[in-house]
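No lab work stands behind these numbers, since they all come straight from the coordinates. Since we're looking at a predicted model, the values are computed, not measured. Quick reminder, even Gly has a Cβ in these numbers, built from the backbone with ideal geometry, and neighbours come from all protein chains shown.
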Amino acid sequence: EAQVTQNPRYLITVTGKKLTVTCSQNMNHEYMSWYRQDPGLGLRQIYYSMNVEVTDKGDVPEGYKVSRKEKRNFPLILESPSPNQTSLYFCASGDSVYEQFFGPGTRLTVL
Amino acid sequence: SQKIEQNSEALNIQEGKTATLTCNYTNYSPAYLQWYRQDPGRGPVFLLLIRENEKEKRKERLKVTFDTTLKQSLFHITASQPADSATYLCALDSGSNYQLIWGAGTKLIIKP
């Protein structure tokens, strides 16, 4: 089944404790992206990747890191999480920015 | 900068009627515009893409129009069903090949 998977789905952590949210896709897509979604706001892009080893900042990259060592994986790293990073996070992939396939989301709470 | 406006109030529609959702943008006309569906606690699902040179696009009970003069896209669901209840997101190109501008979405409730 074609899909984008994210782990964990839910995470409660404390300020400053490094964490990684994994994202994997099995559709051989070149484009991958991370978004955060907050109530009343549209999806905001954190980082995106056009292909292996090629990444770039989105609209809200501060406090996040990414890497794209393999085509299928695009992990999101929060090196020192803060409460303002409490949000719902989505990973997406696609042949391009058109018709993106989204993962199920990761709900992160930073205390 | 480009902004998208979608009605933040929920839209309540009686089952069987046509639901119409609006996406307005403020600045330049995008080369294309996309509509996605999002169910509570789940990721958005792509529905339709319409390009600036297309006036209308259809997919089963869905229809999207794109009016560059009014700077508006309308999303229609005909013969609506309770299963159509969801939040619908509008997204348009930002001028970059790798980024979209997203609306906050409109919640659609179809009542039996």
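In whole percent, what relative contact order does the stretch B:17-67 give with Cα contacts below 8 Å and a gap of six or more residues? Value for the stretch B:17-67: 25 percent. Close amide-amide hydrogen proximity is noted between B:Asn7 and B:Thr22, each under 5 Å apart and 5 or more residues distant or on a separate chain (H modeled in the peptide plane; Pro and chain starts excluded). For the set B:Lys63/B:Lys107; A:Lys18/A:Lys69; B:Lys59/B:Lys107; B:Lys55/B:Lys111; A:Lys18/A:Lys65, the pairs lying more than 22 angstrom apart at their alpha carbons are B:Lys55/B:Lys111. Along its three principal directions, the equivalent ellipsoid of the stretch A:15-111 from the Cα gyration tensor extends over semi-axes of 21, 15, 11 Å, largest first.
The order of A:His29, B:His76, going from fewest to most other C-beta atoms within 10 Å of their C-beta, is B:His76, A:His29.
What is the percent of Cα-Cα separations in chain B that go past 26 Å? All intermediate terms of the calculation are to be shown ahead of the outcome.
Details: 835 of 6216 pairs.
Distances greater than 26 Å cover 13 percent of the Cα pairs.
With θ set to phi - 60° and the Karplus curve 6.51 cos²θ - 1.76 cosθ + 1.60, what are the ³J(HN,Hα) couplings of the stretch B:62-78 in order, to the nearest whole Hz, using x for Gly and Pro? Along the stretch B:62-78, the couplings run 9, 9, 10, 10, 9, 10, 6, 6, 7, 6, 8, 10, 10, 10, 10, 10, 8 Hz.
Once C-alpha pairs closer than 8 Å and six or more residues apart are averaged by separation and normalised to the residue number of chain A, the relative contact order reads 36 percent. Ranking B:Asn97, B:Ala79, B:Pro112 by how far each Cα lies toward the positive end of the dipole of the stretch B:22-112 (charges on Cβ) leaves B:Pro112 at the top.
Report the gain in length on full extension from B:Leu62 to B:Gln2: 0.36 nm times residue separation, minus Cα-Cα distance, nm rounded to one decimal.
Values: separation 60, 0.36 × 60 = 21.60 nm, distance 2.60 nm.
Result: 19.0 nm gained on full extension.
Taking GluC sites (Glu not before Pro) across the stretch B:18-73, the ones in a DSSP loop with at most 10 further Cβ atoms lying within 10 angstrom of their Cβ are B:Glu60.
Scalar couplings 3J(HN,Hα) for the stretch A:82-89, obtained by applying the Karplus form with A = 6.51, B = -1.76, C = 1.60 to θ = phi - 60°, are 10, x, 6, 9, 5, 5, 9, 10 Hz; x denotes Gly and Pro. Rounded to the nearest 20, the size of the Cβ-charge dipole of chain B about its Cα centre is 160 debye, with Lys and Arg at +1 and Asp and Glu at -1. Size descriptors for the protein assembly as shown (Cα atoms only): Rg and Dmax, in that order, 17.6, 52 Å.
Suppose every K and R has +1 on its Cβ and every D and E has -1 on its Cβ; what is the size of the dipole of the protein assembly as shown about the Cα centre, in Debye to the nearest 20? Each step should come with its number before you reach the end.
Numbers: 26 positive and 22 negative charges, 78 e Å.
With Lys and Arg at +1 and Asp and Glu at -1, about 380 debye.
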